[in-house]
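First comes the structure, then the notes that go with it.
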C-alpha cells in the first residue's frame, strides 16, 4: 500500500515529539470520571427497552436513505415534536450528530455580508462550520461581555449585514457558563441573533432542559443546538428554533441533505431519553448532589484555586505542562479512576488540565478519594 506523504508523516512525528500524539483507547473498567454519560442513561436497560418498543410498534427497520428521500420515517416527527415541546421551542430538527448540526447550521445560515462573533473557546465543530461559510467571523474574549459589546458596536458603525453571536451554555473543556441573561438582553436591544450550544447543559442544568430554558430566555435566542450523545446516553443532535429556521435548514444545511438518515432505533432512543428525563428525575437529583459534594470537597481540600469555577458536571484542574498532567492522570488511573488529561491543541499550551466529569452514579466515597489523591499529587 502507499506510504503516508512525508509532510503528513512529519506532522505525526511532531505530535509524538511533543508528547501530544492522540491514540484511540479501549473503554476502561475504571471508576468513571471521564464519560459524558452524566445521568447514567447509557447504562440503563430501560432506555433500550423503550426504544425497542417504539421501533416494534411502528414496524420500522433500517434508515434506507437521506431524510429528503426515503429516510424520514415517522419516528422523526414524533421525536422532533417531543423535543420542541420539552424545550418550549417552536420546532426541532434532528441531525446525525452535534458535529453535523453545527457544520450544517454555521455553514448555511450566516451569509456573505453578515458577521459572526464567537467566544474564543467555542467548540471545534462550530469553528469548522464557520470556516465553511461565507460570513466574516471574529472571536471575543472568553465570557467577556464587554469585549463582545465593544466589537459588535464597532462593527455596526460601518456594516449593515446580520450580526450573530455564538456561545455555549456550558463550555466543554472548562465547565463554566456565560451570563446568558446579559447576552440575551444585549442581542434583543441590538437586533442581533443569539445562538447557544447546549451540548453539556441538556440533562444537567435547568431541571434537565438546559440553561436557556432555566433562564426563560427562549424568545431571545435565535437557535439552540442540543446533542443527545451526552446526558441522554444515545446519539444525534437537534437545532431548536422557529419553524422558518427549520424549513431553511431542510433546504440549505448540506450535512442534513447529503447524508443517510439516522436509523429508526437511534431516533427511538432519543425519544426514550426524553421519556426518562421526564419520568425519572431522581437521576438529575443525584447528579446535582454530586456536583455540590464535589465542589465542597474542593474547598475542604484547598483545591478550589486550581480548579476552574463551575456549576456544571464538568470540573477542570489546571496542571501546566504536558508531561506533568499526563503523569498525574496515569497515577489516578493506576489507583482505579478514569480521569483524562486534556492537552494542546484542544486547550492552549500552558493550560493543560485534568478533566473530571461527574455522574449520577458516582458515589460520595469515590469523589472524596479521587480528590484526596489529586491533593496529594499536586503537592508532590
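With respect to the conditions (1) at pLDDT below 95; (2) assigned to a helix (DSSP H, G or I), residue 347 lacks only one, and its number is (2).
For (1) under 23 Å from residue 27 (Cα atoms); (2) without any contact (Cβ under 8 Å) to a residue 60 or more places away in the chain, each residue gets a yes or a no:
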| site | (1), (2) |
| --- | --- |
| 288 | no, yes |
| 311 | no, no |
| 315 | yes, no |
| 323 | yes, no |
| 340 | yes, no |
| 344 | yes, no |
| 357 | yes, no |
| 370 | yes, no |
| 376 | no, yes |
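Scanning the range 234-261 for residues that are within 21 Å of residue 210 (Cβ to Cβ) and buried (at least 16 other Cβ atoms within 10 Å of the Cβ) returns 234, 235, 236, 237, 238, 239, 240, 241, 245, 246, 249.
Got at least one residue in the range 16-30 being within 22 Å of residue 347 (Cα to Cα), surrounded by 15 or more Cβ atoms within 10 Å (Cβ to Cβ) and either outside the structural domain of residue 241 (by TED's automatic domain parsing) or in contact with a helix residue (DSSP H, G or I) (Cβ under 6 Å, 6 or more places away or on another chain) (or both)? The answer is yes, given that some residue of the range 16-30 is within 22 Å of residue 347 (Cα to Cα), surrounded by 15 or more Cβ atoms within 10 Å (Cβ to Cβ) and either outside the structural domain of residue 241 (by TED's automatic domain parsing) or in contact with a helix residue (DSSP H, G or I) (Cβ under 6 Å, 6 or more places away or on another chain) (or both). Only a single item in (1) surrounded by fewer than 19 Cβ atoms within 10 Å (Cβ to Cβ); (2) modelled with pLDDT of 95 or more; (3) within 23 Å of the chain's Cα centre (by Cα) is not met by residue 185, and it is number (3). Has the range 205-216 got any residue that is farther than 30 Å from residue 307 by Cα, surrounded by 19 or more Cβ atoms within 10 Å (Cβ to Cβ) and either modelled with pLDDT under 95 or not assigned by TED's automatic domain parsing to the domain that holds residue 307 (or both)? No: zero hits.
For the range 350-368, filtered to residues that are modelled with pLDDT of 95 or more and surrounded by fewer than 16 Cβ atoms within 10 Å (Cβ to Cβ), the residue that is nearest to residue 292 (Cα to Cα) is 364.
The values are calculated or read from the model by the stated rules, or taken from the named source; none is laboratory data. Everything numeric in this text was worked out from a predicted model, so none of it was measured. Reconstructed Cβ throughout: ideal geometry from the backbone, glycine too, with neighbour counts over all protein chains shown.
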